[in-house]
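*Asks:* Encoded as structure tokens, here's the structure I'll be asking about.
The values are calculated or read from the model by the stated rules, or taken from the named source; none is laboratory data. This one's a predicted model, so the numbers in the text were calculated from it and none came from an experiment. Heads up, the Cβs are rebuilt from the backbone with ideal geometry, glycines too, and the neighbour counts pull from every protein chain shown. When the accessible area is computed, the model is the full protein with side chains, heavy atoms only, and any ligands, DNA or RNA have been set aside. Shrake-Rupley method; radii C 1.70, N 1.55, O 1.52, S 1.80 Å.
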Amino acid sequence: MLQLINISKRFGPVAALDNVTLSLRRGAIHGILGENGAGKSTLMNILFGLAHPDTGKIELDGRRVRIVSPVRAQRLGIGMVHQHFKMVESLTVLENISLAAARGLWSPGRRELIGRIRAWTDKLHWNLDLEKPVADLAVGRRQRVEIVKALCTGGKLLILDEPTAVLTPQEVAELIPPLRAVAAAGMTVLFISHKLAEVQKLCDRITILRKGRVVYTGAINELDAGQIAEKMIGARLKFPRLTDHQEQPDNAPRRDSGELAPPRLELRNVSIRGSRHGAWPLLNVNLSVRSGEIHGIAGVDGNGQDFLIRCILGQLEPADGNVIFGDSPDSHRKTPGTRSGTPLGYIPEDRLREALVLPLSVQANLMLKRYHTSPFAWMGLCRFGRWRQRSAELIGQFDIRCPDAQTPVGTLSGGNQQKVVVARELGEKPRLILAVNPTRGLDVGASAFVMNQLLAARREGAAILLVHSDLDELLAISDRVSVLYNGQLQETSWPDASREQIGKMMLGIA
Amino acid sequence: MMTTFHSSSPLRRHAGRFSRLISAVALLPLTIGTCGLALGLVLSGLALAGYPPLAIVSRWVDGSIGGIYPLTNSLADACPLLLTGLAAGIAFRGGVLNIGAQGQFLLGAMVTVGLSTRWLIFHSAPPVIILAILAGTFAGGLWALLASVLERYRSVPIVLSTILLNFVALYVVRAILQGPLQAGGTPAPQSPQIAPAYWLPVFIPFTSFHLGIPIAFVLAVLFYALNQRTTFGFESLVIGLNPGAARLAGIRVTRKQFLVMFMSGCCAGLGGALQVLGVTHFMTGSFGNYGYAGIAVALLGRLNPLGIAGAALFFGMLDTGALRVEESSLALPHAVVNVVKAVVILLMLLLSAYLLGRKLRTRQVDPSPPGDRGSDKL
Amino acid sequence: MNPAHENLLTFLARQTVSAATPLILAGIGELVSELAGVIDIGIEGLMLTGCIAAYTIAGATGHGSLGLATAILAGMAVAALFAATTISGRADQIVSGTALNLLALGLSGTIWSLYQNWRGNHDLSTALPHGAGYSRLAVGALARLPFFGPVFFDQYSLFYATVLLAAMVWGIIRFTRMGLILRALGDSPQACQACGIAVRTWRWLAVLFAGGCAGAAGAYLSIMRTHAFATDMTGGQGFVVLALVIFGRWSMGGLILGCLFFGAINSLQQTLQTARYTSHYAALHALQSVPFEVFQMLPYVAALAALAVLSRNHPGPHRLGRPWPEEISL
């Protein structure tokens, strides 16, 4: 049905796509596998008219087409569900769909749209409240809206860009029958992922991309998991990956035997009141992190993680309960959000917004937490010699690849930017570390680096609280695991509890 | 090698409002080229309207730097511009959108006039001068802080509150100039003249080269050092570029921004104080547009105090030279100066946007916009 | 038009509506532009541009309608400059808007002097030649209604157009897909892009519309309400409009209410100023011991107070003031 022939796309010196040829069949579910930066997103953007290929052509039903814009893509019957949802939160479900699926300036086309939406939701056995503002919907529901929206605009091809990144294992499982129904209705589904298991369950055929090239196209059952992974990653890293928790890179025992170290951070019955009456984004949370352990907090995004983190950082005052740092029980007011010198390392989820100042140099970013302390400043004056010296040490120690310390940090790759954050936060050997989705957006190599650094800090006796939405990575390096669901924290008996049990707890059905 | 916090790279991903301007500090040739281009554009426009461009230029040069009087007049005009420019520059660099230099300037001038004419009379002049200047400076700073307080406690965007406060200040000053500070014998809002003993000393007799001019330029150098060498300068830069990261790095953003705002207002207030004591020696209900022009000066100087000094000189020369052109047989309206200033700023915004944009576009890697989390508006 | 012939309340109400008209007109444009995510601080300058354009063209040709049309076009032209820097060039909106104000101030001053020279008018009279401005347009019998007649049906023609425009824009925002797009542009340009909506084109259109509205509002000031020009004629009304859009929480109803409120303060202030020198309205004499600067200050203080009371928790369009695309990757 759809053919991409010899598509190439370069961004400056980087070839994002190199002679990619791909052929999709009607009614098939086709998987595109590849790690971060393999060119999956670029390929999808080209298909959806958000980027334009330098060379090559696209044929739809045997006719050559030029997809110059998303509008053109939609006219051709292509609908896309983006990894980051593209919805207007203040508008209702129906208005959002109207924005995408209706044409013309005047009528939002309510009646006709509702018919089309109902036709699809009936097929998928979904129930959508069309008049609800999107802001009030949970993540899983929003994704359904996105899918229905794409179906209403498209009609021939449905592109799903990493749709499972934000879902629990159970929600992923629930997504499979509807997608099969979509394919059965005669549409082609293009499913992009870097998670092998889902692709194996869902797809008929797969294409594997590596560094912008197609390394394999064919039926899914011709390769086993090991072969697929090898083709995805190439020879750079040994398989199984770090995330495979059977083989931990660090062979330390999961639980410290003998006496427990005193907790470095403790939350006692912490509750936080929400903005709406009667809402409790955090309710009676008890939590402790001890020296030399990694305490993992699992949970689907939006179950109170933000509140938990901001509470620990001192940006939110709990309505009830205490946050206690270290040995002094009354020190909960001395929060790391202030500059009281509490040795806390914080690796935020959104490093671009919260951790880095991109126009500034690597050196300035490395010094961002210590610039005012001795020996880096004297009487309010900066001692740049010391800055240079210290940042050179950190750059060497954490293997930050940059031309020199004066390079703006924004010109570095994502992995190296995260190394700057990790170097700053862990370089001063803090006794307490808070890491939130520290591998988000990183490729396998950089993820492994970050996780190894966390494990190294653990060996040196740091207490680490790891809030992570990637369950597999979380389980791979955590000593203890708790699940945050709907503002309530429950400790699991990991590693005795199974991954599936934890998945159920994340959904609140255990 | 002098180490700076930022590099000249035109980089501005996830960066704050002014990162583009700040990171383009090194683009001096571009700035000078822009000024030239703007002058050229306006002159050709005037040529079309029937004014001979060469005659304008020669009169303008003559009137701005031709001789000791025009030169000192240009310097004297640059002095308030430099201070209001510093006011805007400090604030913008620290991520505070203080558009209220005009109001702060007016209040500073008014308080200084009040003290030195009616409210504070000693037999020896220096204490009066010093106290009047200090009071004018702090009046500007406090007026600026009012906007900070409104933002902190009532969430009123500083952009809007400072603009509105400019008008409030204008009418407050007019009311006082018609009331307690009115000079006898006139119905107009006008203050009495300051006694010559309290005037700022003049270095070259019969010129306007007063003590305030070196004060302003020294202040610019001090602010440059503050920006480049101190932890405070580093903090305010980080806050201006990425307030979220600053907060998490332990910088007390609100407190620093209060301080930045206060310093900014003080600069503007000082500008007003020096202007009345050094140049005008009295005050009327309409007392120039130095505050608004200061914003343009700051932008042209790309928020760098030394650049601001250069820009203030340029604008001062424009103003003084244009007076000569207006008085001459050409009778070119003085308002043309404002056109030149605005065209300079717009051209600079346009050129840096397009030139840097093109440079960036060739290196663009990822066409997909990143996630849409959070926002820091206004 | 002698105020002595009307009772005080009617006179004040009529002045209120008349003073609110340019605010509403410019406010509609600013509202549309802000909904689309562009904050146009240059609205003051756009209004001033409209003032001078309408005045000079009407004065030179003797046709008010030509002046009005020119004012709209001039507003759009200056707005196009703003759009080019901020939307196409991604420059900062606040900074560009400030530059725009400076430009308008300079341009209007220059054009004003050139126009005076051209007319050979050295006594600096600011009044329009007779017949070049608009006079009021009474709507038939409706204008003879008590109170409502003079207040709503004996105004300048642009007032009626403003009412129509407000209703139209309200309907468009509320009921059509265009309104949906407009609201989405300010909240999530990402979503718009994914829906195939050309974010920059739409924002350009919104800014041009705002420019036209502000130009017309300026024309209202110079060739309808006063038949004169002064270089500080707008006197910060554009900035008040900015505050009023926030005050009205980005809704048409709120905006109009706010504009009427400020129109009332304005008309009261002007009436008091006039009453100082004439002897109509004995009721107002009590207020005359207050310096009239206090009344002139009142609109701005009221705007500040309104913002201080109301602006909490009403963040407005989510991406207001941000360029699109928001960041360019290296």
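*Asks:* Can you pull out every residue in segment A:71-89 that is within 9 Å of chain C (Cβ to nearest Cβ) and within 21 Å of the chain's Cα centre (by Cα)?
*Replies:* The answer is A:80, A:82, A:84, A:85, A:86, A:87, A:88, A:89.
*Asks:* Within segment C:105-119, is there a residue that is surrounded by 15 or more Cβ atoms within 10 Å (Cβ to Cβ), at pLDDT 90 or above and β-branched (Val, Ile, Thr)?
*Replies:* no
*Asks:* Looking at residue B:196, is it over 25 Å from the mean Cα position of the chain (by Cα), open to solvent by 40 Å² or more (accessible area, probe 1.4 Å), away from chain C (no Cβ under 14 Å) and modelled with pLDDT under 85?
*Replies:* Working: over 25 Å from the mean Cα position of the chain (by Cα): yes; open to solvent by 40 Å² or more (accessible area, probe 1.4 Å): yes; away from chain C (no Cβ under 14 Å): yes; modelled with pLDDT under 85: no.
So residue B:196 does not fit the description; no.
*Asks:* Go over the candidates A:34, A:77, A:27, A:49 one by one and state the one that is closer than 30 Å to residue A:223 by Cβ, surrounded by 17 or more Cβ atoms within 10 Å (Cβ to Cβ) and of a type outside the set (Ser, Thr, Tyr).
*Replies:* Checking each option against the conditions leaves just A:34.
*Asks:* Any residue in segment A:323-344 that is closer than 26 Å to residue A:138 by Cβ, at pLDDT 60 or above and not in a loop (DSSP other than H, G, I, E, B)?
*Replies:* At the first step, the residues of segment A:323-344 found to be closer than 26 Å to residue A:138 by Cβ are none.
Among the residues of segment A:323-344, not one is closer than 26 Å to residue A:138 by Cβ, at pLDDT 60 or above and not in a loop (DSSP other than H, G, I, E, B), which makes the answer no.
*Asks:* Going by what's in this entry, would residue A:435 be described as open to solvent by less than 10 Å² (accessible area, probe 1.4 Å), under 12 Å from residue A:345 (Cα atoms), free of Cβ contacts under 8 Å to residues at least 60 places away in the same chain and out of contact with any Asp or Glu (no Cβ under 8 Å at 6 or more places or on another chain)?
*Replies:* On the way: open to solvent by less than 10 Å² (accessible area, probe 1.4 Å): yes; under 12 Å from residue A:345 (Cα atoms): yes; free of Cβ contacts under 8 Å to residues at least 60 places away in the same chain: no; out of contact with any Asp or Glu (no Cβ under 8 Å at 6 or more places or on another chain): yes.
So residue A:435 fails the test.
*Asks:* Another question, then. Being away from chain B (no Cβ under 14 Å) and touching a Lys or Arg at 6+ places or on another chain (Cβ under 8 Å) is the filter here, so list the residues in segment A:305-322 that pass it. It would help to see each step written out before you state the result.
*Replies:* Within segment A:305-322, the first condition is being away from chain B (no Cβ under 14 Å), and the residues that meet it are A:307-308, A:311, A:317-322.
Of everything in segment A:305-322, those that are away from chain B (no Cβ under 14 Å) and touching a Lys or Arg at 6+ places or on another chain (Cβ under 8 Å) turn out to be A:319, A:321, A:322.
*Asks:* So which of B:149, B:156 ends up being more than 25 Å from residue C:235 (Cβ to Cβ), within 14 Å of chain C (Cβ to nearest Cβ), without any contact (Cβ under 8 Å) to a residue 12 or more places away in the chain and not hydroxyl-bearing (Ser, Thr, Tyr)?
*Replies:* Working: B:156 fails: more than 25 Å from residue C:235 (Cβ to Cβ).
Among B:149, B:156, only B:149 is more than 25 Å from residue C:235 (Cβ to Cβ), within 14 Å of chain C (Cβ to nearest Cβ), without any contact (Cβ under 8 Å) to a residue 12 or more places away in the chain and not hydroxyl-bearing (Ser, Thr, Tyr).
*Asks:* Okay, moving on. Name every residue in segment B:319-332 that is open to solvent by 10 Å² or more (accessible area, probe 1.4 Å) and either without any contact (Cβ under 8 Å) to a residue 60 or more places away in the chain or assigned to a helix (DSSP H, G or I) (or both), in order of residue number.
*Replies:* Scanning segment B:319-332 gives B:319, B:320, B:322, B:323, B:324, B:326, B:327, B:329, B:331.
*Asks:* Of all residues in segment A:112-136, which are modelled with pLDDT under 85 and within 14 Å of chain C (Cβ to nearest Cβ)?
*Replies:* A:135
*Asks:* Name the single residue, out of those in segment A:356-388 being more than 7 Å from chain B (Cβ to nearest Cβ) and part of a loop (DSSP other than H, G, I, E, B), that is surrounded by the most Cβ atoms within 10 Å (Cβ to Cβ).
*Replies:* Once the filter is applied, the top-ranked residue is A:367.
*Asks:* Now a separate question. Collect the residues in segment C:200-230 that are in contact with a Cys (Cβ under 8 Å, 6 or more places away or on another chain) and at pLDDT below 90, keeping them in residue-number order. Please lay out each step first, then the result.
*Replies:* Initial filter on segment C:200-230 (in contact with a Cys (Cβ under 8 Å, 6 or more places away or on another chain)): C:202, C:218-219, C:221-222, C:229.
Selection gives C:229 alone.
*Asks:* Go through segment A:173-232 and count every residue that is in contact with a strand residue (DSSP E or B) (Cβ under 7 Å, 6 or more places away or on another chain) and part of a strand (DSSP E or B).
*Replies:* 18
*Asks:* Further, regarding this structure: For segment C:49-57, does any single residue satisfy the condition of being farther than 21 Å from residue C:163 by Cβ and within 13 Å of the chain's Cα centre (by Cα)? I'd like the intermediate steps shown before the answer.
*Replies:* Of segment C:49-57, the ones farther than 21 Å from residue C:163 by Cβ are C:49, C:51-53, C:55-57.
Now restrict to residues that are within 13 Å of the chain's Cα centre (by Cα): C:49, C:51.
Among the residues of segment C:49-57, at least one is farther than 21 Å from residue C:163 by Cβ and within 13 Å of the chain's Cα centre (by Cα), which makes the answer yes.
*Asks:* Out of all the residues in segment C:79-97, which are among the small types (Gly, Ala, Ser), open to solvent by less than 10 Å² (accessible area, probe 1.4 Å) and either within 22 Å of residue B:161 (Cβ to Cβ) or within 8 Å of chain B (Cβ to nearest Cβ) (or both)? Spell out how you get there, then give the answer.
*Replies:* Residues of segment C:79-97 among the small types (Gly, Ala, Ser): C:79-80, C:83-84, C:88-89, C:91, C:96-97.
Imposing the further condition that a residue be open to solvent by less than 10 Å² (accessible area, probe 1.4 Å) reduces the set to C:79, C:83, C:89, C:91, C:96-97.
Result: C:89, C:91, C:96, C:97.
*Asks:* Would you pick out the residues in segment A:157-174 that are modelled with pLDDT under 80 and of a type in the set (Val, Ile, Thr)?
*Replies:* A:164, A:166, A:168
*Asks:* Out of curiosity, is residue A:114 surrounded by 18 or more Cβ atoms within 10 Å (Cβ to Cβ) and in contact with a helix residue (DSSP H, G or I) (Cβ under 8 Å, 6 or more places away or on another chain)? Before the answer, list the steps.
*Replies:* On the way: surrounded by 18 or more Cβ atoms within 10 Å (Cβ to Cβ): no; in contact with a helix residue (DSSP H, G or I) (Cβ under 8 Å, 6 or more places away or on another chain): yes.
In short, no.
*Asks:* Can you pull out the strands (runs of 3 or more DSSP E) entirely within segment A:239-320 that have at least 2 residues that are modelled with pLDDT under 65, exposed (fewer than 13 other Cβ atoms within 10 Å of the Cβ) and more than 21 Å from the chain's Cα centre (by Cα)?
*Replies:* Details: elements: A:263-272, A:282-290, A:294-298.
Correct list: empty, since no element meets the threshold.
*Asks:* Please work out which one of (1) at pLDDT below 80; (2) not in a strand (DSSP E or B) is the condition residue A:46 fails and give its number.
*Replies:* Checking residue A:46 against (1) at pLDDT below 80; (2) not in a strand (DSSP E or B), the one that fails is (1).
*Asks:* Under 9 Å between Cβ atoms, which residue pairs at least 6 apart in sequence (or on different chains) link something in segment A:124-137 that is acidic (Asp, Glu) with a partner that is open to solvent by less than 40 Å² (accessible area, probe 1.4 Å) and modelled with pLDDT of 85 or more?
*Replies:* From residues that are acidic (Asp, Glu), the pairs are A:129/A:92; A:129/A:93; A:131/A:92; A:131/A:93; A:131/A:94.
*Asks:* Oh, and also: In segment C:49-60, how many residues are open to solvent by 10 Å² or more (accessible area, probe 1.4 Å) and hydrophobic (A, V, I, L, M, F, W, C)?
*Replies:* So the count comes out to 3.
*Asks:* A further question follows. Tell me, please, whether a residue that is touching a helix residue (DSSP H, G or I) at 6+ places or on another chain (Cβ under 9 Å), in a helix (DSSP H, G or I) and within 12 Å of chain B (Cβ to nearest Cβ) can be found in segment C:117-137.
*Replies:* Checking segment C:117-137: at least one residue is touching a helix residue (DSSP H, G or I) at 6+ places or on another chain (Cβ under 9 Å), in a helix (DSSP H, G or I) and within 12 Å of chain B (Cβ to nearest Cβ).
Here's the yes/no breakdown for (1) without any contact (Cβ under 8 Å) to a residue 12 or more places away in the chain; (2) facing chain C (nearest Cβ under 10 Å); (3) open to solvent by less than 10 Å² (accessible area, probe 1.4 Å):
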residue: A:55; (1), (2), (3): no, no, no
residue: A:66; (1), (2), (3): yes, no, no
residue: A:69; (1), (2), (3): no, yes, no
residue: A:96; (1), (2), (3): no, yes, yes
residue: A:106; (1), (2), (3): yes, yes, no
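*Asks:* Follow-up question, since we're still on this one. Could you please let me know if residue B:342 is among the small types (Gly, Ala, Ser), in contact (Cβ under 8 Å) with a residue 12 or more places away in the chain, buried (at least 24 other Cβ atoms within 10 Å of the Cβ) and over 21 Å from residue B:217 (Cα atoms)? So that I can check it myself, show each step before the final result.
*Replies:* On the way: among the small types (Gly, Ala, Ser): yes; in contact (Cβ under 8 Å) with a residue 12 or more places away in the chain: yes; buried (at least 24 other Cβ atoms within 10 Å of the Cβ): yes; over 21 Å from residue B:217 (Cα atoms): yes.
Yes, satisfied.
*Asks:* Would you kindly identify the strands (runs of 3 or more DSSP E) lying entirely within segment A:440-510 that contain at least 3 residues that are open to solvent by less than 50 Å² (accessible area, probe 1.4 Å)? Spell out the reasoning first.
*Replies:* Working: elements: A:463-467, A:480-485, A:488-491.
By residue number, A:463-467, A:480-485.
*Asks:* Here are some residues: C:21, C:10. Which one is in a helix (DSSP H, G or I) and buried (at least 21 other Cβ atoms within 10 Å of the Cβ)? So that I can check it myself, show each step before the final result.
*Replies:* Working: C:10 fails: buried (at least 21 other Cβ atoms within 10 Å of the Cβ).
Answer to the check: C:21.
*Asks:* Here is a further query. So which residues in segment A:125-143 are surrounded by fewer than 20 Cβ atoms within 10 Å (Cβ to Cβ) and part of a helix (DSSP H, G or I)?
*Replies:* Result: A:135, A:136, A:139, A:140, A:141, A:142.
*Asks:* Also, quick follow-up: Just to be sure I understand the filter: pairs with C-beta atoms under 6 Å, separated by 6 or more residues or on different chains, first member in segment C:129-142 and of a type outside the set (Ser, Thr, Tyr), second member in a loop (DSSP other than H, G, I, E, B). Which pairs pass?
*Replies:* Pairs found: C:132/C:62; C:133/C:227; C:136/C:156; C:139/C:153; C:142/C:153.
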